[in-house]
Amino acid sequence: QVHLQESGGDLVQAGGSLRLSCLALGGAVSIATSAWYRQAPGKQRDLVARISSGGSTNYADSVKGRFTISRDNAENTVYVQMNSLKPEDTAVYYCNYGFGEHNFWGQGTQVTVSS
């Protein structure tokens, strides 16, 4: 079992920045594919950014050039740096950890961007 502890969500003005953190307990982020998803009220949960065990990254079109996913293997933590935030980025952000057939989710952290 892998437990994911997310942090960093906050209320921020449009144009501002936030960094979300996801600490993985019970599993090494270096061997997993980790990702951030988000879910706005009344909408489905969508992929924001993903980083593979080899370090390859991919992003949703809506966040390309603004968000950066990264990983600190020593800290066993995955980050997403979010810049130039927009009101439409408002959502609950969830960390995901995938290894083989195993898939785990964090509890989510709220990001609210005011206009």
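The values are calculated or read from the model by the stated rules, or taken from the named source; none is laboratory data. Quick caveat, the model's predicted, so the values are computed rather than measured. With ideal geometry, Cβ positions are generated from the backbone for all residues, glycine too; neighbour counts draw on all protein chains shown. These area figures cover heavy atoms from the full protein model, side chains too; ligands, DNA and RNA do not enter into them. Shrake-Rupley method; radii C 1.70, N 1.55, O 1.52, S 1.80 Å.
Within the stretch 54-69, which residues are part of a loop (DSSP other than H, G, I, E, B) and either of a type in the set (Lys, Arg) or touching a strand residue (DSSP E or B) at 6+ places or on another chain (Cβ under 6 Å) (or both)? Don't jump to the end; show me each part of the working.
Taking the stretch 54-69 first, the residues part of a loop (DSSP other than H, G, I, E, B) are 54-56, 60, 64-66.
Selection gives Ala60, Lys64, Arg66.
From the list Asn83, Asn96, exactly one residue is modelled with pLDDT of 95 or more and within 15 Å of Gly27 (Cα to Cα). Which is it? Quick ask: steps written out before the conclusion?
Values: Asn83 fails: within 15 Å of Gly27 (Cα to Cα).
Result of the check over Asn83, Asn96: Asn96.
Does Arg50 qualify as being open to solvent by 50 Å² or more (accessible area, probe 1.4 Å), in contact with a strand residue (DSSP E or B) (Cβ under 6 Å, 6 or more places away or on another chain), in a strand (DSSP E or B) and not hydrophobic (A, V, I, L, M, F, W, C)? Explain how you work it out, then say what you get.
Working: open to solvent by 50 Å² or more (accessible area, probe 1.4 Å): yes; in contact with a strand residue (DSSP E or B) (Cβ under 6 Å, 6 or more places away or on another chain): yes; in a strand (DSSP E or B): yes; not hydrophobic (A, V, I, L, M, F, W, C): yes.
Yes, satisfied.
Sort out which residues of the stretch 53-70 are among the basic types (Lys, Arg) and open to solvent by 60 Å² or more (accessible area, probe 1.4 Å), and write them in order of number.
If we filter the stretch 53-70 for residues that are among the basic types (Lys, Arg), which is where we start, we get 64, 66.
Residue satisfying the conditions is Lys64 alone.
Could you grab me the full set of residues in the stretch 29-43 that are over 10 Å from the mean Cα position of the chain (by Cα) and either open to solvent by less than 30 Å² (accessible area, probe 1.4 Å) or farther than 18 Å from Gln107 by Cβ (or both)?
Just the residues of the stretch 29-43 that are over 10 Å from the mean Cα position of the chain (by Cα), to begin with: 29-33, 39-43.
Scanning the stretch 29-43 gives Val29, Ser30, Ile31, Ala32, Thr33, Ala40, Gly42, Lys43.
Across the stretch 80-97, what is the total count of residues that are in contact with a Lys or Arg (Cβ under 9 Å, 6 or more places away or on another chain) and either within 16 Å of Leu47 (Cβ to Cβ) or aliphatic (A, V, I, L, M) (or both)?
So the count comes out to 9.
Can you name the residue in the stretch 10-28 that is outside any strand (DSSP E or B) and modelled with pLDDT of 95 or more and is also least open to solvent (accessible area, probe 1.4 Å) among such residues? Walk me through how you get there before you give the answer.
Of all residues in the stretch 10-28, those outside any strand (DSSP E or B) come to 10, 14-17, 26-28.
Next cut, modelled with pLDDT of 95 or more only: 10, 14-17.
Details: Asp10: 86, Ala14: 52, Gly15: 55, Gly16: 18, Ser17: 63 Å².
Top of the filtered list is Gly16.
Could you please find all residues in the stretch 76-115 being part of a loop (DSSP other than H, G, I, E, B), closer than 16 Å to Ile51 by Cα and open to solvent by 60 Å² or more (accessible area, probe 1.4 Å)?
Gly100
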